[in-house]
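**Q** First the structure, which I've put down as structure tokens, then a few questions once you've had a look.
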Amino acid sequence: MTRPRQFDLIAFDWDGTLFDSTTLIARCIQAACADVGTVVPSDKDASYVIGLGLAEALQHAAPGLSRELYPALADRYRHHYFARQHEIVLFPGTLEMLAALKARNHWLGVATGKSRRGLDEALRTADLARHFDATRTADETASKPNPQMLFELMAELGVAPERTLMIGDTTHDLQMAVNAGVACIGVSYGAHEPDAFDSFAPRFVAHSVPELGEWLDRHG
């Protein structure tokens, strides 16, 4: 007998959850800061802002920068990122996990701090667009941890909060889930240390994509 689904909609963060991009993003933030002559954030501080929309991320990463220079900082970040995005790969096991979820007829979504241009290019590069039923980016709705992305995904697909699961690698992702009233899972292999996840009461913390896929097969 087929086990009933617990969740109809499974929403994923992108960077650091499905895409092994956290190190590159942090390096691009640091390079952009150096380009505009502001203090270069540490690896920890540059990684912490991953998952936020670009404007919010850069304001946190370079708090001492003059307001009028943030557009230049964003341009330099995009320059470095788009020059090297071909280096990024999916975490091992991602394609198999997504295929298994689709076979169980879950709706799959993406809720990401990336721009629409950035997500569309990543989906194209990874040939993943066909796997997802709906996606939201920070430049077309509110940045995390505002729950608007999840509210819009649930409304588009007709899924209630109690039937929705958010999966991400940062406290921004898990706080968004809490704010939206949905369950969450944290992954430990991305931008934030998993010790910071406890206060958000995740259903599970996965240490690899295959481990995440196994949990979803049993409990999703």
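**Q** Please list the non-local residues whose amide H lies under 5 Å from the amide H of residue 20, H modeled 1.01 Å from N, same-chain partners needing a gap of 5 or more.
**A** Here 89, 90, 91 satisfy the definition.
**Q** Can you give the convex hull volume per residue for the Cα atoms of the stretch 138-204, as a whole number of Å³?
**A** Residue-normalised Cα hull volume stands at 78 Å³.
**Q** Got a number for carbon plus sulfur as a percent of the stretch 60-137's accessible area, 1.4 Å probe?
**A** Solvent-exposed carbon and sulfur of the stretch 60-137 make up 54 percent of the total.
**Q** Okay, moving on. On a full-extension model of 0.36 nm per residue, what is the gain between residue 6 and residue 102, subtracting their alpha-carbon distance, rounded to one decimal in nm?
**A** Working it through step by step, the gained length comes to 33.1 nm.
**Q** How far, in nm, would the chain grow between residue 155 and residue 125 when pulled straight, counting 0.36 nm per residue and subtracting the alpha carbon separation?
**A** 8.0 nm
**Q** Give, as ranges by residue number, the residues of the stretch 134-153 whose backbone N falls under 20 Å from the point 7 Å along Cα→Cβ of residue 55.
**A** Within reach of a label on residue 55: 136-152.
**Q** Taking the 0 to 90 degree range and rounding to the nearest ten, how far is the long axis of helix 209-219 tilted relative to the main principal axis of the chain, both from C-alpha atoms?
**A** Roughly 30 degrees between the two axes.
**Q** So who's got an amide H within less than 5 Å of the one on residue 206, skipping anything under 5 residues away but keeping other chains? H placed 1.01 Å off N, in plane.
**A** 186, 187, 188
**Q** Estimate the FRET efficiency between residue 40 and residue 201 by the formula 1/(1 + (r/R0)^6), using the beta-carbon distance for r and 41 Å for R0, to the nearest 0.05.
**A** Once rounded, the FRET efficiency stands at 0.70.
**Q** Over the C-alpha atoms of the stretch 1-53, what are the Rg and the largest Cα-to-Cα span, Dmax, in Å?
**A** Just the Cα atoms of the stretch 1-53 yield Rg and Dmax of 17.1, 62 Å.
**Q** So, one more: If one takes the longest principal axis of the Cα atoms in the chain, at what angle in degrees, from 0 to 90 and to the nearest 10, does the Cα axis of helix 94-103 lie?
**A** Relative to the chain, helix 94-103 is tipped by roughly 40 degrees.
**Q** Oh, and also: I'd like to know how the stretch 1-122 sits against the 2.2 N^0.38 Å rule of thumb: what's its Cα Rg over that expected value?
**A** The reported ratio for this selection is 1.25.
**Q** Same structure, new question: With only alpha-carbon atoms in the gyration tensor, what are the semi-axes of the equivalent ellipsoid for the stretch 90-180, in Å, largest first?
**A** Those come to 20, 16, 13 Å.
**Q** If R₀ is 41 angstrom, what is the calculated FRET efficiency for the pair residue 217 and residue 83, using the beta carbon separation as r and rounding to 0.05?
**A** Between residue 217 and residue 83 the formula returns 0.60.
**Q** Using helices alone, what [θ] at 222 nm do you get for the chain, with -39,500 (n - 2.57) per DSSP H run of 4 or more residues, divided over all residues and rounded to the nearest 500?
**A** My calculation for the chain gives -13000 deg cm²/dmol from helical runs alone.
**Q** Next question. Take every Cα-Cα pair in the chain and report what % of them are more than 33 Å apart.
**A** 13 percent
The values are calculated or read from the model by the stated rules, or taken from the named source; none is laboratory data. In this text, all values refer to a predicted model and were calculated from it rather than measured experimentally. In this analysis, Cβ positions are derived from the backbone assuming ideal geometry, glycine residues included, and neighbour counts consider all displayed protein chains. For the accessible areas, the whole protein counts, side chains as well, though only heavy atoms, and no ligand, DNA or RNA atoms are used. Shrake-Rupley method; radii C 1.70, N 1.55, O 1.52, S 1.80 Å.
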